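Every read-out reported here was derived from the displayed coordinates using simple, explicitly stated rules and does not represent laboratory data. The structure displayed is predicted, hence computed values, not measured ones. When we count neighbours, we look across all protein chains shown, and the Cβ atoms used for this are built from the backbone with ideal geometry, even at glycine.
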Amino acid sequence: MAFKEILSNIVQEMKGEALGSILMDKEGISVEKVETDGKVTDIETIAMGYSVVLKDIFKAAEMIKAGEVSEVFIKSASHSVIMRVLDENYFIALFLKPSGNMGKGRFLLRTASAEIKKEI
């Protein structure tokens, strides 16, 4: 299954609660993305910014010997984002409306992660 199809399935399963999803490398380069109605200002640009934050979280976790980081959540006034780490090079992010179901989003990212890992 192609990356775009996997991302589209995640967004569709959120039944109107998702703003988009993106597969990105940890350097902030987009591999594939799916956006819904464009209400979020370019999820690619936002995800690039979050990739910098993700690197800092990895460094902090290593410094305090917390173990591997697998998920990061950020909630703001305009959206929520769930970032799921796939491996040392890639992560997937799901952007939700502020009222979006984070639990369902986490589940969908976790199940899609296995499919994406097969393709990488």
Sticking with the crude label model, points 7 Å out along Cα→Cβ, report the distance from Ser99 to Asp87 in nm, one decimal please.
4.0 nm
Give Lys33/Lys65; Lys4/Lys59; Lys4/Lys104 a once-over and call out the pairs whose C-alpha atoms are over 27 Å from each other.
Lys33/Lys65; Lys4/Lys59
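Take each complete run of DSSP H in the chain, measure how far its Cα atoms stretch along the helix's own axis, and keep only those covering 18 Å or more with mean Kyte-Doolittle hydropathy at least -0.5; list them.
Helices passing the filter in the chain: 43-63.
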³J(HN,Hα) across the stretch 74-84 via Karplus (A = 6.51, B = -1.76, C = 1.60, θ = phi - 60°), whole Hz, x for Gly/Pro?
9, 10, 10, 5, 8, 5, 10, 9, 10, 10, 10
Once amide H atoms are built 1.01 Å from N in the peptide plane, which residues 5 or more positions from Glu32, or in another chain, come under 5 Å H to H?
Leu23
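What is the sum of charges around Ala47, taking Lys and Arg as +1, Asp and Glu as -1, for the other residues whose C-beta is under 12 Å from the C-beta of Ala47? Display every interim value, and only then the final one.
Values: positive: Lys26, Lys33; negative: Asp25, Glu27, Glu32, Glu35, Asp42, Glu44.
The answer is -4.
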Percent RCO, i.e. relative contact order, over the chain, from Cα pairs under 8 Å lying at least 6 residues apart:
29 percent
Among trypsin sites (Lys or Arg not before Pro) in the stretch 1-90, those in a DSSP loop whose Cβ has at most 16 other Cβ atoms within 10 Å are Lys15, Lys39, Lys65
Check which residues have an amide H placed less than 5 Å from Leu19's amide H, if you skip close sequence neighbours.
Phe95, Leu96, Lys97
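Counting only helical runs of four or more DSSP H residues, what would the 222 nm mean residue ellipticity of the chain come to if each run contributes -39,500 (n - 2.57) and the total is spread over all its residues? Don't skip to the answer; put the middle values down first.
Numbers: 3 runs with 50 residues, N = 120.
The helix-only estimate for the chain comes to -14000 deg cm²/dmol at 222 nm.
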For Asn101, other-chain or 5+-apart residues with amide H closer than 5 Å (H placed, Pro excluded) are none
Sequence order, the stretch 21-34: Karplus ³J(HN,Hα) from phi using 6.51 cos²θ - 1.76 cosθ + 1.60, θ = phi - 60°, Hz rounded, Gly and Pro as x, gives 9, 8, 9, 9, 8, 6, 8, x, 9, 6, 8, 7, 8, 9
